[in-house]
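Reading through the structure tokens given below for one structure.
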Amino acid sequence: MAAGMVFALTMREVDLAVYGVHARGVTVGAVCIRDGCSPWVAAAVVLVLWSSTPASPD
């Protein structure tokens, strides 16, 4: 995963704000699973969060 991130950054394809959205989604998913949600429900929550959050503040 880190090699993919480095490649995307060196090719100037991805804004750093994308990683913040990714980190927030992973954190929300982990908290959902920790609190007893099904992993499938947590994955759905993360996908909804990622699709509804703009990656850059343009």
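The values are calculated or read from the model by the stated rules, or taken from the named source; none is laboratory data. Here the structure is a predicted model, which is why all the values come from computation and not from measurement. Here Cβ is always computed from backbone atoms with ideal geometry, including for glycine, and neighbour counts include all displayed protein chains. Side chains included, ligands, DNA and RNA excluded: accessible areas come from the protein's heavy atoms. Shrake-Rupley method; radii C 1.70, N 1.55, O 1.52, S 1.80 Å.
Close Cβ contacts (under 7 Å, 6 or more residues apart or on different chains) running from residues in segment 18-42 that are without any contact (Cβ under 8 Å) to a residue 60 or more places away in the chain and within 25 Å of VAL6 (Cβ to Cβ) to residues that are surrounded by 14 or more Cβ atoms within 10 Å (Cβ to Cβ) and among the small types (Gly, Ala, Ser) comprise VAL18/ALA55; VAL21/ALA55; GLY29/ALA42; GLY29/ALA43. Take the conditions at pLDDT below 75 and open to solvent by 60 Å² or more (accessible area, probe 1.4 Å) and apply them to PRO39. Does it pass? The answer is no for PRO39.
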